[in-house]
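This report refers to the structure that appears directly beneath it.
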Amino acid sequence: MYQLLFGILGLQVFLYAQGFQISGHLSDPSGTAIAGALVYLHETRMGTYSDSAGYFKLSSLKAGNYHMHISSVGYSSVTRTLMVNQSIADLHVILLASDLNLEDIIIESESDRREKKQSSQTFEVINRKYLELYGTGNLMSSLEKLPGVSTIRTGVGISKPVIRGSSFNRVLVVENGIKQEGQQWGADHGVEMDPYTVDRVEILRGPSSLLYGSEAMGGVINIRQAPFPLMNHWEASLHITARSLNQAYAGSAMAGFNYKGWIVRTRMTRQAYGDYQVPADSFLYNRYRLPILNQKLKNTSGTEESFSITIGRNAPWGHAQIYFSQVDQQAGFFPGAFGIPRSQSLQTDGDSRNIGLPKQSILHNKCIGNATILLGKQWIEIDVGIQQNLRKELSNPHAAPGYPIPQGTTALSLELFTYSVNARFHWLQSQRWKAIVGTSGSYQQNQSGGYEHLIPNYHNAQAGVFIFEQYQIKENITVNAGARYDGGSTQFPAYASPTYSRTGVFTGMLERNRASERYYASVSGAGGIAWQPSAPWDIKVNLSSDFRFPSPAELSANGIHHGTFRHVLGDAYLKPERGYQADVHLGFELKKMAFVVSPFYQYFTQYIFLSPTGRFSYLPEGGQIYQYLQAPARLTGGEVSGTFQVNTVLELKSTYEYVWGQNSYTYLPLPFMPPGCFTQEITGNWDLKNKRINHFMGSISWHVFNSQKRVDRNELITPGYSVWNFSGGIHFKLGKQLFRFLMQVQNIGDRWYLNHLSRYRILQIPEPGRNIIFSLIIPFSGAFRGEHPHHEFQNP
């Protein structure tokens, strides 16, 4: 496998046989030249900036089909599809002014290449500016401001993404073309990824199984790395963060260079945090009220250390790279949410930063190879990935009458290996008609251990093929359609645990899992239209039939999951999910205002959900039993947003999002649905004519959450609440060195409130109190000796 990854970098043997060029001029409708605009080619990761007269030139190109993207501050972005058979001269492109801070973003992900207005699917795109301004040290929590996105939380350091009410194995997180695999069915650990490596995030709201396969029924979070430095240039940065809530600090250092098309970048990050504060003195367990001493949740401290390195090559034949990352997380569990809480375990130990038992340890290693290769005049993309996820829950053994005391402190050990491969052939048949033919596959092997049983060893395999076509009927009408076929299998052996009488006499073996082999096959498809009937209007309709194979945990779980405060029970006879969705987008955009309505409706024939049963576990300290059930279900809702540019500085934005879920068999609400949320935000950006301080930005937001009264049987109602947040920052210089200083204040009023999606909700533990975050970012860059600054760069 590693030989294959390194073989990708050997593709530079392709010869530079042809040397075509593209040159042109950029202007606004009046003919005024636009200087400093970005002009780049997606396939080769190479580009240039327009000069002071608006002219640009891209050289050393091979014959082929290219996607050229042009963007400039204050103008709407432009895409051109070019079929290069010879040099192209005098290409004139007109950019239209846009006062709004809304970019006509291009989706150029590893699986798709569509301009925003040509896509029939609803999505959001955020960049590094957003991540720096609203970053929390946890990537998924940083995305909660976006319409339709929320998280399932465990304290402040652990969160799972939720898109329109779908989460866990219905939402894919993809990095560098490979989906993240790390026991994502569990709510007690987050996504094992360094948030400081992320430069751009694409959030696809709604089913995406056509391009991404099973587990993309709810949506996709597609993560991209930062741009590489200029040709024959180097870069480095230092990012320092401190948070008041849990006395956290974080430091991340990056260095990279691009020497004659050879690219290298490495990053190291460390985060450490102490026990976090809540505005409460007690919590509730099974009708008993227990203390929270000093308003701090004991043993919720932790550390996270990350390392990554990228080595690659950019050339006229395409692009290839290898990416390796390691994330090591150590996080304590609050003793009140782990087994049956006892007063002595809740007493303070005098150290708010130590990580005692119970705790979890997660090590995630990932190696990914990516290549974009010119074949004739078309392009093929290949992704290969290997991941190892080693997760342990550590605690003192639970004593039960008659049962021998287990040895060691490893309660649960799960080691998951995942091997993934994707291939996509992009076929540009004409300027208006393009197609993607692709395949993807993965194989997983899980090894379970520890003195407690949750899921057995298993093998899981999936593979699929798809075709996607897009045709531009007119300049303002684009249609698309596609189909996919997938097959999969899951095998796990039988497992039984010994039982004893209260006097310690062995009484036999209790079957926890039966041996099972499940095989699946599914056909899915999607189609849609994107239509701009007139300049301000943007209408999209997308229809899809999607699927999801049951996860190994849903099929086989039967044991205590202390990390989620429950006994989880699977069902080996669950059927694959099938969903049908209609998704509509209605947009209206003028120069200073924009309005968007995005309703959706989804029907499932076999919806799989984890439901509280009201029964309690027969295992020691097991808690309530939560069982995976299956029933026809409906999900509907949507997002409404409006943006108004008050002047050149201030912008107002209002959003409302709502999700309604119902079990169509019992007519009860689906469990764990996020409440409706209204957000009002005012943002300001000031460009200052000052030698030292050249930019200031600030944002004040008000978030109003409805009470969640639509709950499943045995699920608690959560009252509504509202919170105020502030984010701001300045860009300044000391000498010639640029600095970026950022500040956030979360929950300004230190409000007491419960989060319906928090794992601590059942204990009536409120969300964190006021949290002040400071960040300092120091970027460095330069050219190698003998090189002169120029406008060419790679992978913008």
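The values are calculated or read from the model by the stated rules, or taken from the named source; none is laboratory data. Nothing here was measured: the structure is a model prediction, and the numbers come from that model. Using ideal geometry, Cβ is built from the backbone for each residue, glycine included, and neighbour counts are taken over all protein chains shown. These accessible areas exclude ligands, DNA and RNA; they are computed on the full protein's heavy atoms, side chains included. Shrake-Rupley method; radii C 1.70, N 1.55, O 1.52, S 1.80 Å.
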Before we move on, is Y665 buried (at least 16 other Cβ atoms within 10 Å of the Cβ), at pLDDT 90 or above and more than 21 Å from F123 (Cα to Cα)? no
Restricted to segment 468-507 and to residues being hydroxyl-bearing (S, T, Y) and at pLDDT below 90, the residue least open to solvent (accessible area, probe 1.4 Å) is S497
Restricting to segment 543-572, give me the number of residues that are in a strand (DSSP E or B) and open to solvent by less than 20 Å² (accessible area, probe 1.4 Å). 10
Which residue, of T418, T439, is at pLDDT 95 or above and within 20 Å of P207 (Cβ to Cβ)? T439
Among R578, R615, the single one that is of a type in the set (D, E, K, R), touching a Phe, Trp or Tyr at 6+ places or on another chain (Cβ under 7 Å) and part of a strand (DSSP E or B) is R578
Name the residues in segment 628-657 that are open to solvent by less than 40 Å² (accessible area, probe 1.4 Å) and over 19 Å from E577 (Cβ atoms), would you? G638, E639, S641, G642, T643, Q645, V649, E651, S654, T655, E657
Among the residues of segment 589-604 satisfying the criterion of being part of a strand (DSSP E or B) and open to solvent by 50 Å² or more (accessible area, probe 1.4 Å), which is modelled with the lowest pLDDT? E589
Residue that is farthest from T655 (Cα to Cα) [pool: residues in segment 614-629 that are at pLDDT 85 or above and in contact with a Lys or Arg (Cβ under 9 Å, 6 or more places away or on another chain)]: I625
Residue selected from segment 32-72 under the condition modelled with pLDDT under 80 and not in a strand (DSSP E or B), by the criterion farthest from W379 (Cα to Cα): R45
Can we say N246 is in a strand (DSSP E or B) and either charged (D, E, K, R) or surrounded by 21 or more Cβ atoms within 10 Å (Cβ to Cβ) (or both)? no
Residue selected from segment 185-215 under the condition among the aromatic types (F, W, Y) and at pLDDT 90 or above, by the criterion nearest to A526 (Cα to Cα): Y212
Determine the pairs where a residue that is over 14 Å from G661 (Cα atoms), located within segment 601-614, has a partner that is outside any strand (DSSP E or B) and acidic (D, E) with Cβ atoms under 8 Å apart, the partner being 6 or more residues away or on another chain. P612/D712; P612/E715
Could you check, for segment 100-122, whether at least one of its residues is modelled with pLDDT of 80 or more and in a strand (DSSP E or B)? no
Given the residues G642, G661, which is the only one that is in contact (Cβ under 8 Å) with a residue 12 or more places away in the chain and closer than 16 Å to R713 by Cα? G661
Within segment 356-365, identify whether any single residue is touching a helix residue (DSSP H, G or I) at 6+ places or on another chain (Cβ under 6 Å), within 23 Å of Q326 (Cβ to Cβ), among the hydrophobic types (A, V, I, L, M, F, W, C) and open to solvent by less than 20 Å² (accessible area, probe 1.4 Å), and answer yes or no. no
Residues G261, G251, G218: which one is touching a Lys or Arg at 6+ places or on another chain (Cβ under 8 Å) and modelled with pLDDT of 95 or more? G251
Which members of segment 333-343 meet the condition of being out of contact with any Asp or Glu (no Cβ under 6 Å at 6 or more places or on another chain) and either assigned to a strand (DSSP E or B) or touching a residue at least 12 places away in the same chain (Cβ under 8 Å) (or both)? F333, F334, P335, G336, A337, F338, P341, S343
Count of residues meeting criterion [more than 30 Å from Q277 (Cβ to Cβ) and either in a strand (DSSP E or B) or modelled with pLDDT of 95 or more (or both)] in segment 297-332: 18
Residue ID - most open to solvent (accessible area, probe 1.4 Å), chosen from residues in segment 270-279 that are in a strand (DSSP E or B) and under 17 Å from I158 (Cβ atoms): Q277
Confirm whether L586 is at negative phi, over 23 Å from the mean Cα position of the chain (by Cα) and either at pLDDT 95 or above or open to solvent by 40 Å² or more (accessible area, probe 1.4 Å) (or both). yes
Counting just the residues of segment 374-419 that are under 26 Å from the mean Cα position of the chain (by Cα) and of a type in the set (S, T, Y), which one comes out most open to solvent (accessible area, probe 1.4 Å)? Y419
